[in-house]
Amino acid sequence: MITVNNVSMKFDLGIERDNSFKQVFINLLSFKKKNKDYFWALKDISFHIKKGEVVGLIGSNGAGKSTLLKTISGVMKPTKGSIQVNGIISPMIELGAGFDLELTARENIYLNGAVLGYSKKFLEEKFDEIVEFSELKDFLDVPVKNFSSGMTAKLAFSIATIVNPEVLIVDEILSVGDIKFQEKSKNKMLEMIKGGTTVLYVSHSLTSIEELCDKVIWLEHGQIVEMGDTKEICKKYYDKQMN
């Protein structure tokens, strides 16, 4: 379903500085060869996820988890290696990133839905369902710029999960909103999993990883430390963090 083959991702931390006229002029005067600062967010990552598997990604902040999700989702193109995904992807990486803050919640349902590839007819048919799940019926005609971060995330999650995708890419979404909505989000995700959706899930909550995932990939410094049994690897990761 998902095949990641020798994927590496490099970021040039000095590209803006080196491309400026001022910096070029300084470099010429100093007669020094400027070495660019490179950062490898991912280094030779390879794994395969079968159809219907739920795989957790764990690791410290900056380990490369979100970068890996973005390369799989097609948001970023890896510097090296290849990624093959068989099926329609629904990425939930930065909820609300496609919203226009000046528009109302009602307007953003159609705008964000269109960005996700839903037709206007489909959104009209699912409109009431989206609103009901989001719990934002009384705020439909309020500009999203006046929403709290939790309200924005609720609306984005409700739009993104209106269909059951073949591949679901999830980055820390089960912590959005209040406790009641977090439980609804988890149940919605469990419903998708039972329906055969393949899931790649990032979370700092080892409890949710252990509850949802068939296996785990542990990343650190852009490299795979270990992958396999969920409970075994989560315990190793926890012990490492505590030492």
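The values are calculated or read from the model by the stated rules, or taken from the named source; none is laboratory data. In this text, all values refer to a predicted model and were calculated from it rather than measured experimentally. Glycine also receives a Cβ, built like all others from the backbone with ideal geometry; neighbour counts cover every protein chain displayed.
A Cβ distance below 7 Å, combined with a sequence gap of six or more or placement on separate chains, defines the contacts here; from the stretch 178-196, residues that are under 21 Å from Asn86 (Cα atoms) reach residues that are of a type in the set (Gly, Ala, Ser) in the pairs Gly196/Gly52.
Determine, yes or no, whether Val115 is without any contact (Cβ under 8 Å) to a residue 24 or more places away in the chain, among the β-branched types (Val, Ile, Thr) and outside the structural domain of Asp214 (by TED's automatic domain parsing).
For Val115, the condition - without any contact (Cβ under 8 Å) to a residue 24 or more places away in the chain, among the β-branched types (Val, Ile, Thr) and outside the structural domain of Asp214 (by TED's automatic domain parsing) - is met.
Inclusion of Phe122 among residues that are of a type in the set (Phe, Trp, Tyr), more than 28 Å from Thr152 (Cβ to Cβ) and not in a loop (DSSP other than H, G, I, E, B) is not warranted. If you check Lys231 against the conditions, is it assigned to a helix (DSSP H, G or I) and either among the hydrophobic types (A, V, I, L, M, F, W, C) or in contact with a Ser or Thr (Cβ under 9 Å, 6 or more places away or on another chain) (or both)? No, not satisfied. From the residues in the stretch 36-75 that are basic (Lys, Arg) and not in a strand (DSSP E or B), which one is surrounded by the most Cβ atoms within 10 Å (Cβ to Cβ)? Top of the filtered list is Lys65. A search for C-beta distances below 9 Å between a residue of the stretch 226-243 that is exposed (fewer than 14 other Cβ atoms within 10 Å of the Cβ) and any residue that is modelled with pLDDT under 95 and of a type in the set (Gly, Ala, Ser), counting only pairs 6+ apart in sequence or on different chains, returns Gln241/Ser60.
In the stretch 207-221, the residue that is farthest from Thr79 (Cα to Cα) out of those that are at pLDDT below 95 and surrounded by 20 or more Cβ atoms within 10 Å (Cβ to Cβ) is Leu212.
Do we find a residue being at positive phi and loosely packed, with under 15 Cβ neighbours inside 10 Å anywhere in the stretch 141-156?
If we filter the stretch 141-156 for residues that are at positive phi, which is where we start, we get none.
There is no residue in the stretch 141-156 that is at positive phi and loosely packed, with under 15 Cβ neighbours inside 10 Å.
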